[in-house]
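All remarks here apply to the structure that follows.
The values are calculated or read from the model by the stated rules, or taken from the named source; none is laboratory data. Bear in mind the structure is a predicted one, so any value in this text is a computation, not a measurement. Because the Cβ atoms are built from the backbone with ideal geometry, glycine has one as well, and the counts that use them run over all protein chains shown. Heads up: the accessible areas ignore ligands, DNA and RNA and are worked out on the full protein's heavy atoms, side chains in. Shrake-Rupley method; radii C 1.70, N 1.55, O 1.52, S 1.80 Å.
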Amino acid sequence: MVDHPEGFVKLVKDAKTRVKEEDYREIKKKLDAGERMILVDTREDNEWDKGHVQGAVHLSRGIIERDVETQYPDKETPLVLYCGGGFRSALVADNLQKMGYTKAISLDGGWRALKESGLPLV
């Protein structure tokens, strides 16, 4: 587990009071049932290059806020956001909600959990 600075943890805890979080089991169940959603990897380029969920799109934190409206103009598009452990994705989900996205979900546990999920990885 990564030991994050206190200010960052405080910021994440605040964002998590406003965002929807689901774990990989909930997401996998929805995907297996054919539910349409976009998996978005919000990690940095070097993290993405080391591995990611098959079919996910890569829009790292900071970039996604700039580009999401062009790539996904429908603000009701289900966007499942993941990072390394669920902290950065919570911050992204909070920002997307502020931008009007109604179905931004932060994946609790992030990449660490996804590696155990049974979802196809690249």
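Summary of values
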| read-out | value |
| --- | --- |
| Residue match in region 48-55 (condition: more than 26 Å from V9 (Cβ to Cβ) and part of a loop (DSSP other than H, G, I, E, B)) | yes |
| Hey, R66 open to solvent by 60 Å² or more (accessible area, probe 1.4 Å), in a helix (DSSP H, G or I), basic (K, R) and over 16 Å from A15 (Cβ atoms) or not | yes |
| Whichever residue in region 89-114 is of a type in the set (D, E, K, R) and either in contact with a Lys or Arg (Cβ under 8 Å, 6 or more places away or on another chain) or touching a residue at least 24 places away in the same chain (Cβ under 8 Å) (or both) and, among such residues, is nearest to E47 (Cα to Cα) | R112 |
| Every residue from region 69-110 that is crowded, with 23+ Cβ neighbours inside 10 Å and either aromatic (F, W, Y) or at positive phi (or both) | Y82, G110 |
| Residue list for region 10-59, filter: open to solvent by 50 Å² or more (accessible area, probe 1.4 Å), of a type in the set (V, I, T) and closer than 14 Å to P120 by Cα | none |
| Number of the exception - L119 against (1) touching a strand residue (DSSP E or B) at 6+ places or on another chain (Cβ under 6 Å); (2) open to solvent by less than 40 Å² (accessible area, probe 1.4 Å); (3) at pLDDT 95 or above; (4) under 23 Å from V2 (Cβ atoms) | (3) |
| Residue in region 72-88 that is assigned to a helix (DSSP H, G or I) and either in contact (Cβ under 8 Å) with a residue 40 or more places away in the chain or closer than 17 Å to S117 by Cα (or both) present | yes |
| Of all residues making up region 1-45, the number that are of a type in the set (D, E, K, R), in a loop (DSSP other than H, G, I, E, B) and more than 22 Å from G100 (Cβ to Cβ) | 4 |
| Single unsatisfied condition, T42 versus (1) in contact with a Gly (Cβ under 8 Å, 6 or more places away or on another chain); (2) on the phi < 0 side of the Ramachandran plot | (1) |
